[in-house]
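Visitor: What follows is a structure written as structure tokens; I'll ask about it next.
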Amino acid sequence: MFDSTTKKPLVSIVIQTYNQKEYLEQAILSCLSQNYNNIEILVADDCSTDGTDIMMNKYKDMHNIRYIQSEVNLGAGGNTKDLLYNKVDSKYALILNHDDYLLNDDFISLAVERFSSNPNLSFVWANCKVLYEKSGETRDTDFDIKEVSKGEDYFLGYESPSYPHVTGILTTVFDVEKLRDSGFGNEKTKSQDTFIHLNLMLQGDVGFISDVAATYRVHSQSLSFNMPLDHDKTTLEEFKNLKTKAMRYKNIDVTKLDIWLSNRVFSYVFWRFTTLWNQNNKKESLKLLMEIADDYPEAYEKILNSI
């Protein structure tokens with residue numbers, strides 16, 4: 001877990017992949033460019049059929065790259081969960097999708113320094129570049145917040161100016177022990193990135209690096225545009241479960257948590273409503289909106305006033 005010469009903790013970069021070998025190689029090369037000298041790269045191939053295995057042959061002699069092929073297709077969430085519970089033996093880890101890639105060669109080094117200075121951190125995240133594949137346009141997230149925030153404060157204030165939405169997991173370095181303790185991967189939802197971060201805010205504090213650390217690629221195959229409709233209901237249920245967890249284990253005031261839950265429902269449903277509407281799936285977008293009218297009237301009214 002530690003480099004015997006430098007005493008630096010091992011950092012695992014987990015790259016989940018399925019039939020995207022061209023994107024995958026860019027992701028691998030970006031990880032190899034990191035200047036932190038105790039990194040392992042785990043490429044988790046979820047039964048690709050596009051020659052990913054042939055492409056990976058060029059890396060077979062590199063001691064810090066492990067190519068792991070699933071015997072059955074586990075899906076992106078199951079693939080990552082299997083690795084982080086059963087294959088990773090490091091102090092810290094970063095999860096990278098095969099179509100994302102790192103930009104700042106210092107990122108891992110900076111993240112480990114932040115952990116070393118603040119032992120109670122559960123994760124460290126950074127700004128990112130968003131690349132719209134179809135148009136080629138890019139934009140940088142430009143968050144400017146404290147280097148360290150109390151986890152409970154970030155949890156309750158999530159998606160406010162001082163505690164902004166964490167953009168995916170591509171710029172997040174996790175404390176592996178805290179990630180496992182949080183129950184990572186057990187939620188019945190496709191919106192796992194959000195729940196990873198929220199659960200970890202209940203495990204410890206949040207570190208931030210202002211640098212633009214990685215590129216998040218948006219394309220037609222992105223989950224943002226292909227969220228299964230049947231997962232909307234389970235996602236809302238998971239928010240309720242997380243409220244119960246926060247009340248039980250952190251003893252957070254129920255009034256604060258009621259406000260938190262309403263805000264989470266508003267944010268998620270508003271995003272899904274506009275996405276479905278813009279995809280000309282108006283019937284499903286209206287159906288989703290009506291489903292929250294009775295249980296979350298404030299979120300419902302807020303969405304009506306926003307469209």
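Bear in mind these aren't lab numbers, they're just calculated from the coordinates by the rules spelled out. None of these values were measured; they are calculated from a predicted model. Cβ placement follows ideal geometry from the backbone for every residue including glycine, while neighbour counts extend to all protein chains displayed.
Visitor: So what is the relative contact order of the chain, in percent, for Cα pairs below 8 Å that sit 6 or more residues apart?
Guide: Answer for the chain is 17 percent.
Visitor: Tell me which residues come under 5 Å, amide H to amide H, from Thr172 once H is placed; ignore anything under 5 positions away on its chain.
Guide: Distant-sequence amide H within range of Thr172: Ile95.
Visitor: What ranking do 123-132, 270-279 get when scored by the average of other Cβ atoms within 10 Å per residue, highest first?
Guide: 123-132, 270-279
Visitor: Output the Cα-based Rg and Dmax of the chain in Å, rounding Rg to one decimal and Dmax to a whole number.
Guide: Computed over the Cα atoms of the chain, radius of gyration and Dmax are 19.5, 61 Å.
Visitor: Let me ask another. So for the pair Met62, Lys81, with labels modelled 7 Å out along Cα→Cβ, what separation do we get in nm?
Guide: A separation of 2.9 nm, rounded to one decimal place.
Visitor: Using only helices, what value at 222 nm comes out for the chain when you add -39,500 (n - 2.57) per DSSP H run of length 4 or more and divide by the total residues, to the nearest 500 deg cm²/dmol?
Guide: Calculated mean residue ellipticity at 222 nm is -12000 deg cm²/dmol.
Visitor: Rounded to the nearest Å, what's the spacing between the alpha carbon centres of the range 238-297 and the range 29-64? Just the number, please.
Guide: The range 238-297 and the range 29-64 have Cα centres separated by 38 Å.
Visitor: In addition: Can you return the aspartates and glutamates within cross-link range of Lys150? Criterion is Cα-Cα under 17 Å, with same-chain partners fewer than 8 residues away left out.
Guide: Glu159, Asp175, Asp205, Asp253
Visitor: Would you kindly state how much longer the chain becomes between Asp153 and Thr234 on full extension, computed as 0.36 nm times their sequence separation minus their alpha carbon distance, in nm to one decimal?
Guide: Computed gain between Asp153 and Thr234 is 26.6 nm.
Visitor: What list of ³J(HN,Hα) couplings, whole Hz, do you get for the range 43-54 from phi and the Karplus terms 6.51, -1.76, 1.60, once you set θ to phi - 60° and write x for glycine and proline?
Guide: Result, rounded to whole Hz: 9, 9, 8, 8, 6, 5, 10, 9, x, 4, 4, 5.
Visitor: Pop the C-beta distance of Leu304 and Met55 into the FRET formula with R0 = 51 Å and round what comes out to the nearest 0.05.
Guide: 0.55
Visitor: From the phi of every residue in the range 266-271, what ³J(HN,Hα) in whole Hz does the Karplus formula 6.51 cos²θ - 1.76 cosθ + 1.60 yield, where θ is phi - 60° and glycine or proline is x?
Guide: Once rounded to whole Hz, the list reads 4, 4, 5, 5, 4, 4.
Visitor: Can you give the charge dipole size of the chain about its Cα centre, rounded to the nearest 20 debye, using +1 on the beta carbon of Lys and Arg and -1 on the beta carbon of Asp and Glu?
Guide: My answer is approximately 380 debye.
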